[in-house]
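Peer 1: Pasting a structure here, questions to come.
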Amino acid sequence: MKHFKTKYGYFSDVGSEYIITTPRTPRPWVNILTNGDYGVIVSQAGSGYSWRANAQLNRITRWEQDLVKDEWGKYIYIRDNDSKEIWSAGWKPTCAEPDTYRCRHGIGYSIIESTVNGIASELTMFVPNDAPLEIWKLTLRNTSRKSRRLSLFTYLEWNLGAAPDWHREFHKCFLETEYDGRNNMLFATKRLWEVPSSDGHWNRNWEYVAFHSSNVRPTSFDGDKESFLGMYGTLRMPNAVKQGKLQKRTGRGLDAIGSIQLTVSLKPGEEKTIVFTVGAAQSKSEAKKCVKKFKSVNAVNQALDDVKQQWETLTSTVRVDTPDESMNILLNTWLKYQAIAGRLWGRTSYYQTGGAYGYRDQLQDSQIFLPIDASLSKKQILLHARHQFKDGTVYHWWHPISEIGLPTDMTDDLLWLPYIVQAYIEETGDTQILDEKEPFLDDTTPASLYIHCTRAIEKVFSRFSSRGLPLIGAGDWNDGLSAVGLEWKGESIWLAQFLYRIIVDFTKIAPRYNDEPRAKNYGERAQSLKHIINEVGWDGEWYFGATKDSGEKLGSKENTEGKVWLNAQTWAVIAGVADAARAQQVMDVVERELEFKSGPVLVYPAYKTPDPKIGYLTRYSAGMRENGGVYTHAATWAVIAEARLKRADAAYRMFTKINPIHLGGKPDEYAAEPYVTPGNIDGPESRFYGRGGWTWYTGSAVWLFKAGLEWILGIRASSEGLIVDPCIPKEWKEYFVKRVFRGITYHISVKNPQKTSHSVKSASVDGKPISMTEGKCVLPLFEQNTEHAVEIILGR
């Protein structure tokens, strides 16, 4: 069955593959394949790039961002030695017209299938779980009635270090290639790595050995771009492929590439499989071992099975079955995969070639691991604790490998540490994490995680205005507010709400750490802050967003541009700052002023005139990204706020509007991949209203997962146990959720016979009734590694 079919593709039966049926998608539709160390990004046309550990500092292959051409990548040319016709295993770079074409983006792998000139090819690409390399398994089948003599030519350009290497004439001076005929391998090394040495200068070797190999003995090879393409040649028709012969040029001083030539003969109906690898090892000996390990097709098939099994394990602890098949596909598979492969392990995409850890970014992303394997969330928390200064401030981002980071005056980054620690404790009940000791960036003496958290909170306490509101500095969560408070006078209402939520939570954590004085102090501060937010921050109908250093309000009825800001309304509800009436009122404003066809925009109306006292947000074209576009990360918070208020229709409507599968139903308007969330969708003031962009590398994946599972389906963690608190569309008759919580597997059936949408009427576990409170229930805890059937009946 083809789910959500458009003219460009569809989901497979179980939704674990998105099958693209033409290479001519509106934008490159990509997949990210990674084991957390080595990674690959590949488009439906066969382009992309590779990296190890850091896609910016340790790029293996060259790539430049051009989403129109999409012609940088690693390719396999196919040449008919009799007819001299040339095509490629992916559509790029030759762009030969295929008779048939499919690209199957799966969980941990991509497969491009095509038929050209009577040759069917299937190119399977993946990264094994435990090796620093990628595998290309190419199967060729002769569908014609005559024997065929083919030559294969691989092609990639070595980058080997920081990317992009625009100054290629400089960088090629340090590259060296070498061919190893005994092992069918090309090696590539570099004598310079643009990562500072201990003396602070670029004066170190690239500390890996790159390699490219085949499991069939090559007939020739090349390491020189000029001899492969020919002077003034092109990737579409390289001179070496046209002539049918590589020049065997390797060594120093070349514009280094990797190319292997093979000869394949096929009788009518005959099929052959060849295995290629590309990777980066610590040494030549390790590279040879890696290649040897995956030399046989059987070993490659087993490695692919292992990859699929690993992803099955990672995605199987939460399973949902609802009347909305698009929600099932997202919650069961693609949102988890995007958050893990794209954000936590890869940290890169086509729209943003990254590699760094964002302090706030990957902390939030690590929430995806909480219902999967909370030890991985803990690992992320401790990593970020080590990237905090002793005064509580943090890097805005830092690069693994170099450990170079950006100290920041962004004022929310540091607070995500205590926020995620609280979420971890609710999921696991493990308060001992607070005793874990980690050093600071500027003090090697380890301190407890509890101290790390309180340092962050109390640093924000030290940055308050005379009115009692936190200062915005170089921006709160919204990076585009980059100039609002550079003089440390501007205030942020959203930051005040976020801080309120955190210190309320820490009034419960502090007593567990025998810190009653801090609990009392935080409680008093929370009540004072709540009062000030509602007195000072209220603009008459909604909460304004911020003040400039001059005191001028932003996100206020006093403004003609940027009149209403989304986050200050949604977090008034999420943080519990607004009373019941005001909470309803601000969400009415969100629906009336900010909600459009693709969800709620971040600000409205958009800024038309750049304002140097606000920041670069005002310099975006109106309706794009943070300036009047749907910023998907923030839009998920609107879903959560609506569900907290039990506004079920609105919560589900907004979820649906930002659901990429729903958006992808108009693929030429939306343009982006329909299987992962976009960072943004153009708003009504954009000439491209409804267009998605910045896919994969966005924090919206984990938050849309949480919005769907925890707030619409209502299955969420608490310190007391697993809560069941639905907020579903009234039309739904029932749904099912499998959720592993603290080692216990709950099989939850929710029935809605009276179409009430959210109030729990009765609940039982293993046939025994359990109590409810305020229309929701908390499931009892059991021994680990046990399974239990839960039945929930909704009603009035």
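The values are calculated or read from the model by the stated rules, or taken from the named source; none is laboratory data. In this text, all values refer to a predicted model and were calculated from it rather than measured experimentally. Neighbour counts are summed over all protein chains in view; Cβ atoms, including those assigned to glycine, are modelled from backbone coordinates with ideal geometry. We work out accessible area using only protein heavy atoms, side chains counted, and drop any ligands, DNA or RNA first. Shrake-Rupley method; radii C 1.70, N 1.55, O 1.52, S 1.80 Å.
Peer 1: Could you compute Rg(Cα) / (2.2 N^0.38 Å) for the chain, with N its residue count?
Peer 2: On the way: Rg = 27.6 Å, N = 796, 2.2 N^0.38 = 27.8 Å.
Expressed relative to 2.2 N^0.38 Å, the Cα Rg reads 0.99.
Peer 1: In the chain, what % of DSSP beta bridges are antiparallel (nearest 5)? Present the calculation step by step, with values, prior to reporting the outcome.
Peer 2: Details: 143 of 150 bridges.
Given both bridge residues lie in the chain, the antiparallel proportion sits at roughly 95 percent.
Peer 1: What does the charge dipole of region 1-101 about its Cα centre add up to, to the nearest 20 debye, if the Cβ of each Lys and Arg holds +1 and the Cβ of each Asp and Glu holds -1? Please report the intermediate quantities before stating the final value.
Peer 2: Working: 13 positive and 12 negative charges, 55 e Å.
With only Lys, Arg, Asp and Glu charged at Cβ, the dipole is about 260 debye.
Peer 1: Can you list residues whose amide H is under 5 Å from I257's amide H, if they're 5+ apart or on another chain and H is modeled 1.01 Å from N?
Peer 2: Here W158, D224, K225 satisfy the definition.
Peer 1: Could you give each residue of region 776-781 its phi-based ³J(HN,Hα) in whole Hz, using Karplus coefficients 6.51, -1.76, 1.60 with θ = phi - 60°, and x for Gly or Pro?
Peer 2: 9, 9, 10, 6, x, 8
Peer 1: Report the Stokes-Einstein translational diffusion coefficient (µm² s⁻¹, integer) for region 675-750, Rh taken as the Kirkwood radius over Cα pairs, at 4 °C with viscosity 1.567 mPa s.
Peer 2: Values: Rh = 14.8 Å.
The calculation lands on 87 µm²/s.
Peer 1: Here is a further query. Quick one: P(r) of region 110-215 from all Cα-Cα pairs, 10 Å bins, percents rounded to integers, in order of increasing distance.
Peer 2: Going out from 0 Å in 10 Å bins, region 110-215 shows 11, 31, 29, 19, 7, 2, 0 percent.
Peer 1: Over 13 Å apart: what share of the alpha carbon pairs of region 22-66 falls there, rounded to a whole percent?
Peer 2: Values: 549 of 990 pairs.
Taking all Cα-Cα pairs of region 22-66, the fraction more than 13 Å apart is 55 percent.
Peer 1: How big is region 57-109 by the Kirkwood estimate over distinct Cα pairs, in Å? Walk me through the numbers before you get to the answer.
Peer 2: Values: mean 1/r = 0.0742 Å⁻¹.
13.5 Å is the Kirkwood radius here.
Peer 1: For region 50-69 and region 427-447, what is the separation of their C-alpha centers, rounded to whole Å?
Peer 2: Cα centres, region 50-69 to region 427-447: 35 Å.
Peer 1: Using alpha carbons only, how many angstrom separate the centre of region 683-738 from the centre of region 235-262?
Peer 2: 50 Å
Peer 1: Could you pull out the longest piece of the chain with no exposed loop chymotrypsin sites (Phe, Trp or Tyr not before Pro) in it, calling a site exposed if DSSP puts it outside H, G, I, E, B and it has at most 14 other Cβ atoms within 10 Å?
Peer 2: Values: sites that count: W166, W202, Y232, W488.
With chymotrypsin sites (Phe, Trp or Tyr not before Pro) excluded where exposed in loops, the chain gives 489-796 as its longest stretch.
Peer 1: Considering the alpha-carbon set of region 96-172 alone, what are its Rg and its Dmax in angstrom?
Peer 2: Considering region 96-172 through its Cα atoms, Rg and Dmax are 16.8, 51 Å.
Peer 1: Hey, another quick one. Taking all protein chains as present, what is the carbon and sulfur share of the accessible area of the chain, in % to the nearest whole number, probe 1.4 Å? Numbers along the way, then the final one.
Peer 2: Working: 13670 of 28590 Å².
Roughly 48 percent, rounded to a whole number.
Peer 1: Work out from phi, with θ = phi - 60° and the Karplus expression 6.51 cos²θ - 1.76 cosθ + 1.60, the ³J(HN,Hα) of each residue of region 428-439, listed in order in whole Hz, and give x for Gly and Pro.
Peer 2: Computed from phi, the couplings for region 428-439 are 9, x, 8, 6, 5, 4, 5, 8, 4, 10, 9, x Hz.
Peer 1: May I ask which of K336/K508; K7/K92; K379/K437; K530/K608; K137/K336 have a Cα-Cα span longer than 22 Å here? Let's see the in-between values first.
Peer 2: Numbers: K336/K508 30 Å; K7/K92 20 Å; K379/K437 12 Å; K530/K608 33 Å; K137/K336 26 Å.
Violating the 22 Å Cα-Cα cut-off are K336/K508; K530/K608; K137/K336.
Peer 1: Say the cut-off is 25 Å between C-alpha atoms; which of K267/K288; K378/K776; K646/K755 go over it?
Peer 2: Numbers: K267/K288 33 Å; K378/K776 29 Å; K646/K755 14 Å.
As for pairs spanning more than 25 Å Cα to Cα, those are K267/K288; K378/K776.
Peer 1: Follow-up question, since we're still on this one. Identify all lysines with a Cα-Cα distance to K613 below 26 Å; exclude those on the same chain that are fewer than 8 residues away in sequence.
Peer 2: Within the straight-line limit of under 26 Å, K613 reaches these lysines: K459, K489, K548, K553, K557, K563.
Peer 1: Measure nothing but the geometry: give the 0 to 90° angle between the long axis through the Cα atoms of 632-644 and the longest principal axis through the Cα atoms of the chain, rounded to 10°.
Peer 2: With both axes taken from Cα atoms, the answer is about 40 degrees.
Peer 1: Something else: Could you work out the helix-only [θ] at 222 nm for the chain, with each DSSP H run of four or more residues adding -39,500 (n - 2.57) and the total divided by the number of residues, to the nearest 500 deg cm²/dmol?
Peer 2: Numbers: 19 runs with 191 residues, N = 796.
Helix-only estimate at 222 nm: -7000 deg cm²/dmol.
Peer 1: Let me ask something additional. Compute the Rg to Rh ratio over region 528-589 from the alpha carbon atoms, using the Kirkwood formula for Rh, and round to two decimal places.
Peer 2: The Rg/Rh ratio comes out at 0.95.
Peer 1: For region 166-210, would you read off the P(r) tail past 15 Å as a percentage of all alpha carbon pairs? Provide the component values of the computation, followed by the final result.
Peer 2: On the way: 519 of 990 pairs.
Everything past 15 Å amounts to 52 percent.
Peer 1: Over all distinct Cα pairs, what is the inverse of the mean 1/r for region 232-346, reported as the Kirkwood hydrodynamic radius in Å?
Peer 2: That comes to 19.3 Å for region 232-346.
Peer 1: I'd like the trypsin sites (Lys or Arg not before Pro) in region 643-698 restricted to DSSP loop residues with at most 15 other Cβ atoms within 10 Å, sorted by number.
Peer 2: Details: sites: R644, K646, R647, R653, K657, R687, R691; in loops: K646, R647, R687, R691.
Of the trypsin sites (Lys or Arg not before Pro), the ones in loops of region 643-698 whose Cβ has at most 15 other Cβ atoms within 10 Å are K646, R687.
Peer 1: Right, here's the next one. Let me make sure I get this right: for region 143-298, a, b and c are the square roots of the gyration tensor eigenvalues over alpha carbons, sorted descending. Under 1.5 in a/c it's rounded, otherwise prolate if a/b > b/c, else oblate. Which is it?
Peer 2: Values: a/c = 2.86, a/b = 1.62, b/c = 1.77.
It comes out oblate by the Cα gyration axes.
Peer 1: I would also like to ask the following. Read phi for every residue in region 561-575 and hand back ³J(HN,Hα) as whole Hz from Karplus 6.51 cos²θ - 1.76 cosθ + 1.60, θ = phi - 60°, with x for Gly and Pro.
Peer 2: 10, x, 6, 10, 10, 5, 4, 5, 8, 5, 7, 4, 7, 4, 7
Peer 1: Now, a different point. Among rounded, prolate and oblate, which fits region 1-138 when a ≥ b ≥ c are the square roots of the eigenvalues of its C-alpha gyration tensor, a/c under 1.5 means rounded, and a/b larger than b/c means prolate?
Peer 2: Numbers: a/c = 1.61, a/b = 1.17, b/c = 1.38.
Verdict is oblate for region 1-138.
Peer 1: What translational D, rounded to a whole number of µm²/s, comes out for region 372-446 from Stokes-Einstein when the hydrodynamic radius is the Kirkwood one over Cα pairs, at 4 °C and 1.567 mPa s?
Peer 2: Translational D for this selection: 99 µm²/s.
Peer 1: Work through the residues other than N184 whose Cβ is under 12 Å from its Cβ and net out their charges, Lys, Arg +1 and Asp, Glu -1.
Peer 2: On the way: positive: R182, R217, K288, K292, K295; negative: D180.
Charge balance in the 12 Å sphere: +4.
Peer 1: While we're here: Find the Rg to Rh ratio for region 638-776, where Rh is the Kirkwood radius over alpha-carbon pairs and Rg uses the same atoms.
Peer 2: Details: Rg = 17.3 Å, Rh = 16.6 Å.
When Rh is taken as the Kirkwood radius, the ratio is 1.04.
Peer 1: What number do you get for region 646-687 when its Cα radius of gyration is normalised by 2.2 N^0.38 Å, N = residues? Spell out each step's value before the answer.
Peer 2: Values: Rg = 11.4 Å, N = 42, 2.2 N^0.38 = 9.1 Å.
Dividing the Cα radius of gyration by 2.2 N^0.38 Å gives 1.26.
Peer 1: So, counting K/R as plus one and D/E as minus one, what does the shell of residues with Cβ under 14 Å around S83 add up to? List each step's numbers first, then the result.
Peer 2: Details: positive: R79, K84, K146, R148, R149, K242; negative: D80, D82, E85.
Surrounding charge for S83 is +3.
Peer 1: Something else now. Checking a compactness column here: for region 561-603, what do you get for Rg(Cα) / (2.2 N^0.38 Å), N being the number of residues?
Peer 2: Working: Rg = 10.2 Å, N = 43, 2.2 N^0.38 = 9.2 Å.
Normalised Cα radius of gyration, region 561-603: 1.11.
Peer 1: Any idea what log10 I(q)/I(0) is at q = 0.12, 0.20 Å⁻¹ for region 313-454, Debye with uniform C-alpha scatterers and no solvent?
Peer 2: So the normalised log intensities work out to -0.52, -1.22.
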